[in-house]
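Here is the structure we will look at.
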Amino acid sequence: MRLDDERESENVEDRRGRGGGFGFPGGGRTRRINIPMGRRSGGLGIGGIIILLIAAFVFGINPMDMIGGGGGLTPQTYEQTGTQQVPRTPKSASQDQLAVFAGKVLKTTERTWDRIFKEQFGRSYQRPVLVLYTGRTPTGCGQGQAVMGPFYCPADNKLYIDLSFFQDMQRKLGASGDFAHAYVIAHEVGHHVQNQLGIAGKVTAARMRASKVRANELSVRMELQADCFSGVWAHDNRDVLDRGDIEEGLNAASAIGDDRLQRRSRGVVVPESFTHGSSAQRVRWFKRGIESGDVKACDTFAARRL
């Protein structure tokens with residue numbers, strides 16, 4: 001991506017270098033503005049299912065220990081209960097470059113969704129905050145940990161990313177390239193868009209009333225719509241894309257399909273347990289957003305075929 005002339009977003013909160021205990025965000029550079037609270041809904045982000053599977057079957061970590069025994073992070077309030085900290089980790093030059101890149105990508109998403117919300121919905125887009133952290137950090141949805149991968153918390157309208165995830169994408173999943181990284185950020189922004197439009201709240205309410213299988217189906221449609229929204233962003237920013245960028249994004253979408261991850265981690269694919277969609281589905285909806293550039297084309301909930 002050609003982002004040399006792009007400015008960084010002001011909505012980046014840099015907590016890197018210190019891990020946060022309960023209710024203690026740690027130090028680091030802070031660049032943020034206050035964002036009004038949106039509708040609340042739970043759920044892991046694009047990296048959640050990846051890292052939970054890898055942790056459970058490769059590192060031997062119990063996923064329930066990471067998410068408090070539930071089905072994902074849930075909104076809650078933490079008070080400071082002590083000084084539980086992760087030792088300070090020095091920032092590397094490569095991660096500093098990734099931090100700058102992430103801030104620039106976030107800026108492009110702000111420009112895209114500012115325009116779309118104004119033109120198509122007649123309202124202002126409430127920009128999310130991107131939190132960069134190391135190890136773990138408190139969030140409006142509970143304790144965030146790097147092992148969970150990138151995620152969006154609708155309770156505080158923030159995206160959370162430990163930049164080491166991008167190295168994991170390349171080493172463990174074979175998804176490399178700057179546009180693959182940008183796709184991850186754009187996908188999490190897609191969840192924020194769903195929250196702003198009230199989609200997330202409706203889906204969460206429906207999932208709470210549904211059977212486990214039906215709840216998983218709704219989760220898949222939610223994730224595929226976020227993939228499509230990230231494609232809409234890519235379409236809107238095609239003037240800064242290099243040759244091969246779209247292929248990097250498609251490869252990343254394919255690499256994190258539920259079928260591919262399940263086959264990699266345990267050697268068997270269980271479609272009824274999918275929560276993010278198959279590789280083919282993720283690629284299909286990402287491409288639909290890229291090709292159409294139209295939010296209306298991303299109605300996964302009305303689609304008969306995913």
Next item on the list: Could you tell me whether GLY293 is at pLDDT below 90 and at positive phi?
Entry: no
Checklist line | Evaluation of GLY293 against (1) touching a residue at least 24 places away in the same chain (Cβ under 8 Å); (2) buried (at least 19 other Cβ atoms within 10 Å of the Cβ) (one fails), failing number | finding: (2)
Notebook entry, point to check: Of these, ALA215, ALA200, ALA210, which one is free of Cβ contacts under 8 Å to residues at least 40 places away in the same chain, touching a Lys or Arg at 6+ places or on another chain (Cβ under 7 Å) and of a type outside the set (Val, Ile, Thr)?
Noted result: ALA215
Note to self: Can you say whether GLN262 is buried (at least 20 other Cβ atoms within 10 Å of the Cβ) and either of a type in the set (Ser, Thr, Tyr) or under 19 Å from the mean Cα position of the chain (by Cα) (or both), as far as the supplied structure shows?
What the structure shows: no
Notebook entry, point to check: For segment 137-163, what are the residues that are assigned to a strand (DSSP E or B) and under 20 Å from HIS181 (Cα atoms)?
Noted result: GLY144, GLN145, PHE151, TYR152, CYS153, LYS158, LEU159, TYR160, ILE161
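Conditions tested, residue by residue: (1) at pLDDT below 90; (2) of a type in the set (D, E, K, R).
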residue: LEU132; (1), (2): no, no
residue: ASP162; (1), (2): no, yes
residue: MET169; (1), (2): yes, no
residue: SER176; (1), (2): yes, no
residue: ALA180; (1), (2): yes, no
residue: ILE199; (1), (2): no, no
residue: ALA206; (1), (2): no, no
residue: ALA210; (1), (2): no, no
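Sort out which residues of segment 117-147 are closer than 16 Å to GLY103 by Cα and of a type in the set (Phe, Trp, Tyr), and write them in order of number.
TYR133
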Margin query: Condition check: over 21 Å from ILE290 (Cβ atoms), in contact with a Lys or Arg (Cβ under 7 Å, 6 or more places away or on another chain), among the hydroxyl-bearing types (Ser, Thr, Tyr) and modelled with pLDDT of 90 or more. Does THR137 satisfy that?
Written below: yes
Checklist line | Candidate set: segment 195-228, residues that are under 22 Å from SER254 (Cα atoms) and among the polar types (S, T, N, Q); chosen: the one surrounded by the fewest Cβ atoms within 10 Å (Cβ to Cβ) | finding: ASN216
Next item on the list: Can you tell me which residue within segment 236-283, out of those that are without any contact (Cβ under 8 Å) to a residue 40 or more places away in the chain and acidic (Asp, Glu), is farthest from GLU110 (Cα to Cα)?
Entry: ASP259
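Please work out if TYR125 is within 14 Å of the chain's Cα centre (by Cα) and not charged (D, E, K, R). Please lay out each step first, then the result.
Numbers: within 14 Å of the chain's Cα centre (by Cα): no; not charged (D, E, K, R): yes.
In short, no.
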Next item on the list: State all residues of segment 218-245 that are modelled with pLDDT of 95 or more and hydroxyl-bearing (Ser, Thr, Tyr); if no residue qualifies, say none.
Entry: SER230
Notebook entry, point to check: Mind checking which residues of segment 265-283 are of a type in the set (D, E, K, R) and buried (at least 21 other Cβ atoms within 10 Å of the Cβ)?
Noted result: ARG282
Item checked: Top-ranked residue of segment 174-194 - restricted to ones that are outside any helix (DSSP H, G or I) and not hydrophobic (A, V, I, L, M, F, W, C), ranked as surrounded by the most Cβ atoms within 10 Å (Cβ to Cβ) -> GLY177
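The values are calculated or read from the model by the stated rules, or taken from the named source; none is laboratory data. Please read these numbers as outputs of a predicted model, since none were measured by experiment. In this analysis, Cβ positions are derived from the backbone assuming ideal geometry, glycine residues included, and neighbour counts consider all displayed protein chains.
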